[in-house]
1. For Gln225 and Ala148, what does the FRET efficiency come to when R0 = 45 Å and r is the distance between their Cβ atoms, rounded to the nearest 0.05?
2. Helix 245-268 versus the longest principal axis of the chain: what angle, 0 to 90°, nearest 10, using Cα atoms?
3. Could you work out the relative contact order of the chain, using alpha carbon pairs under 8 angstrom and six or more residues apart, expressed as a whole percent?
4. Hey, what do the phi angles of segment 428-442 turn into as Karplus ³J(HN,Hα) couplings, whole Hz, using 6.51/-1.76/1.60 and θ = phi - 60°, x for Gly and Pro?
5. Against the longest principal axis of the chain, how steep is helix 56-68, in degrees 0 to 90 to the nearest 10, with axes from Cα atoms?
6. Under a plain spin-label model, where a point goes 7 Å from the Cα along Cα-to-Cβ, how far apart in nm are Asn313 and Thr96?
7. From the backbone phi of segment 335-346, what are the Karplus-calculated ³J(HN,Hα) couplings (6.51 cos²θ - 1.76 cosθ + 1.60, θ = phi - 60°) in whole Hz, Gly and Pro given as x?
8. For a paramagnetic label modelled at 7 Å from the Cα of Glu266 toward its Cβ, which residues of segment 201-227 fall within the zone defined by backbone nitrogen distances under 11 Å?
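The values are calculated or read from the model by the stated rules, or taken from the named source; none is laboratory data. This is a predicted model, so every value here is computed, not measured. Cβ sites come from the backbone with ideal geometry, for glycine too, and all protein chains shown count toward neighbours. Accessible surface areas use protein heavy atoms only, side chains included; no ligands, DNA or RNA. Shrake-Rupley method; radii C 1.70, N 1.55, O 1.52, S 1.80 Å.
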Amino acid sequence: MKRFSVFVVLLMVLQLILPFSTTVSAEEKSDLLNYLALGDSLAAGVNENSEIGLGYADLIAKSYMDEQEGIQFNKGFSYPGYTTVNVLNDIVENVTKPIYDLNGPSEKTASIKQAIQEADLITLSVGANDILKYVTRSETGSITFDAAGVLKGVQEVSSNYDKIFKTIYSINPNVDIIVMGLYNPFPAIQDPVIQTQLNMLVTTINNSIKNIVETNKGIFSEVAQLIAADSKAYLPNPANIHLSEAGYKVVADKMMNDYLNSIIKEVEEMTPEEVLKEAPFQDTKNHWGKEYIDIAYTQGFMSGFQDGSFKPNANMTRAQVLSVISRAFELKATKPAPFKDISHYAQQTQNEIAAAYEAGLVLENDGYFNPQGNITRSQLALVLMRLSNTLAGEEFEPKELAPFKDIENYAYETQAAITYLFDSGIVQGTSATTFSPKGNITRAQLAKILVLANSKE
């Protein structure tokens, strides 16, 4: 299933265990996530001023770009005013439109069937315009409903969603599809009766769409309550039904969290043998760390790359390791970190580094963190011991230091940290008397450490 090959990288962007690679070489371009956004003005990113801005699709793509520096994204088939009929007709007629990515509209074009066939992930938001044509809003702001029309519209939306899914799967049976639910577009109306009717209508439509989506193995994201929770911020223009960028951000986060949870649930329901079958790492068959890598993959600690490799000997950076620890242990930051060299990172990554700093896992070094530097064996030992101290609420005090001659000139805390890992059986020396504290941590070594540390819990 494509989820376990291509999308494991996307999972790392959201909150699973480890963002292994932050760069994409030219040779890997064909393996980039291919993300296609279909739908109406919400997919296109129309904001509260009726201008094309950053919608939920852009924010999903941007989040991935910020973390992994690579994505093939196209929202060129999303169009304001579109109904489910328009989306379905575009696919059936195989329309060709300009590619519209994070840089804006391009001179390059693509046919929609080609775009669907190449997609790894499709998001879809459509259906509101099918129903809104049966809802009339007067100049005074009051709302009237064509009850028969609304009922007909709901039935048509459900039928068309089913056709859209089946048509997409006939072109690309392996693609994953996430659908954005509808929200109340008129929260500023003060009449409680009208608000009750609107909320009932939104719930009815969402339930109908959700049933079709889940029947077709798609993922449905309920966003109505999230938007209603702060409608003034998310729908700031009472005369406009479109979300602000803050509103789109809430939607983007919800859609991708729902996607993550769906994959986690599916993995949890699989046997270890089934999961490993989905991870045929061709470059670990004869590697010393194969057993640890397989266990780390099965337990959800780590995963491979889109080309089917694991890259067991690739080094880990300081930013990658600190980010995963902050997420895995839900460390939170209350203020920015005092590091000058992380400002170009995504805000989420900055927050994770700040959380690690605030928890005492790393120290301030003249305002620099060196995020791209490969983390060394001694540095990782310090981070893990400090984390253990934080979680246990007490300092680790070794009875005697580990028997490694090459750590004698290190600070006592570093020697204690290496002893902590050595005494725990999590790491060993590179010989009976050496630890190689300056050595880098590879992906295979980290897999072993994660597996052994987990077995100690």
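1. 0.95
2. 60
3. About 15 percent, as a whole number.
4. 10, x, 7, 7, 5, 10, 10, 10, 6, x, 8, x, 7, 9, 8
5. Orientation of helix 56-68: about 20 degrees from the principal axis.
6. It is 4.7 nm.
7. 7, x, 6, x, 9, 7, 9, 10, 5, 7, 7, 4
8. Zone members listed by number: 217-219.
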